[in-house]
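Data block below; observations after.
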Amino acid sequence: MPEIFDIAIIGGGITGASVAHSLHGRRSVVLLEQEDSLGYHATGRSAAEFTRRFHSGVVGRLTQASTDFLMRPPEGFAQVDLLRPRGNLLIADADKADHLKMVYDHERANTPKGAPPVEMLSIEQAQEKMPFLDPNWIKAVFYDPDCWDVEVENLLQGYIRQARANGAETRQSAAVTSARREGDHWILETTSGELRAQTVVNAAGGWADPVAAMFGAAPLGIVPHRRTAISVKVPDYDVSMMPEVNEIDELFYFKPDAGQMMVSPADETPVEPHDAWPEELDIAYAAHYLSECTTLEVTHVAHSWAGLRTFASDRLPVIGFSGQVAGLFWLAGVGGYGIQTSPAVGQIAAALLTGVDMPANVTAAGVEPELFAPSRVES
Ligand SMILES: Cc1cc2nc3c(=O)[nH]c(=O)nc-3n(C[C@H](O)[C@H](O)[C@H](O)COP(=O)(O)OP(=O)(O)OC[C@H]3O[C@@H](n4cnc5c(N)ncnc54)[C@H](O)[C@@H]3O)c2cc1C
């Protein structure tokens, strides 16, 4: 007789971990991850940025609802601060200098609650923060002080540790390979054995659609998009306290990362779900962008990687019970903001799974969970 759980969560990234944590032991839970380590895919490859700006209204509200948790996590959740101040320089070349000023005016007039306002800088002031910015390229710049580094691994492990303390089991090297319905349960075949669950949470990231197909659900058009990053050494400079830099339309961005500079060409290529790796052309673009707007010469790429950012067609998360298949709950499509919104996303999913009221922080931020219903993209 296979083991029985109230809830089986498929996917051991930040999304699956956050809902396992937010269930707070109210249900028996098993979290299943196909890889031998948690956070191996998108979660382990992010730029680890938190910002309340430059998102759609809905994502901004999800981020706002997550802010308090990340700034003041519960007692014992993590040994380190989950957010560390970084700051962000938004830059433009001559062609986009006027556009940057419009973005600045908009951001200044719409300062998120609790965030300091953006500040227009001269090129010299920007160079005080990052001396190798090239004034021949950068013609306008403003500073966003409300940009933070997220301690992603600590956040992930905090969710998992607290979920386990509340009775959840986690299984790695446990790929779900098939599912069949028996009475009011699902029987899941996994590469580490069979188990039974009343409800299955599909938190499989880039694999959400193919995982749902195992349960007989039609795909929702949740598409993984590859994003590339490279890491380069910056000799002669201590970059550790320098800000992140974003081209004003996010054509590219770079930020200090473990003593080097991480650079992304902000690519967004739709792909099949897979263990993503970078393409040579995207690596070359990343190096080109850094060389273009700084006085640095990129002669060697120390490291490169890619990860999947997964979106539904309207770029909003999909959170809720399937309207087509009994006992299947969607928790996917968290795109390029899944780390920084994970506290609220996990809480919303847990409330819907257990039928309790939405937490006060979610409603206070003006988040409307109905917007995430799978029915909006189910055919
Ligand atoms: C380069 C890059 C930069 C980013 N920057 C940021 C950022 O600065 N800030 C931010 O908030 N977000 C950022 N993101 C986005 C963020 O990383 C994602 O939104 C988030 O990690 C998604 O988490 P997830 O748990 O949904 O997916 P994943 O972390 O991919 O987890 C899904 C898991 O499901 C597992 N799985 C799939 N199929 C099965 C199966 N059949 N059985 C068992 N397990 C299965 C997979 O192995 C995987 O581990 C970035 C992403 C990338 C790639």
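A few notes on this one:
- Against the main long axis of the alpha-carbon atoms of the chain, helix 280-293 sits at an angle near 40°.
- For the chain, built as a Gaussian network whose Cα springs stay under 10 Å, the top-fluctuating residue of Lys139, Lys255, Lys113: Lys113
- Average projected area [Cα convex hull, the range 307-379], square nanometres: 5.3
- Förster-model FRET efficiency, 22 Å R0, Val271 and Ala218, C-beta, rounded to 0.05: 0.60
- Between Gln162, Gln125, Gln260, the GNM of the chain built on Cα springs shorter than 10 angstrom shows Gln125 fluctuating the most.
- Spatial separation of Cα centroids for the range 351-377 and the range 156-204, in angstrom: 23
- Only aspartates and glutamates eight or more places from Lys101 in sequence, or on another chain, were considered; those with a Cα closer than 20 Å are Asp93, Glu119, Glu124, Asp134, Asp144, Asp146, Glu244, Glu247, Asp249, Glu250.
- Proximal charge balance of Asp134 [Cβ under 11 Å; K/R count +1, D/E count -1]: -1
- Counting only Cβ charges, +1 for Lys and Arg and -1 for Asp and Glu, the dipole size of the chain around its Cα centre is about 1040 debye.
- Calculated mean residue ellipticity, 222 nm, the chain: -7500 deg cm²/dmol, from DSSP H runs (n ≥ 4) at -39500 (n - 2.57) each, averaged per residue and rounded to 500.
- Over 23 Å (Cα to Cα) - which of Lys113/Lys139; Lys96/Lys233; Lys113/Lys255; Lys129/Lys255; Lys96/Lys255 fall in this group: Lys113/Lys139; Lys96/Lys233; Lys113/Lys255
- In the chain, the convex hull through the Cα atoms has an average projected area of 18.5 nm², a quarter of its surface area.
- Computed over the range 15-118, the P(r) tail beyond 20 angstrom holds 58 percent of alpha carbon pairs.
Only the coordinates and a few stated rules stand behind these numbers; no lab work does. None of these values were measured; they are calculated from a predicted model. Quick reminder, even Gly has a Cβ in these numbers, built from the backbone with ideal geometry, and neighbours come from all protein chains shown.
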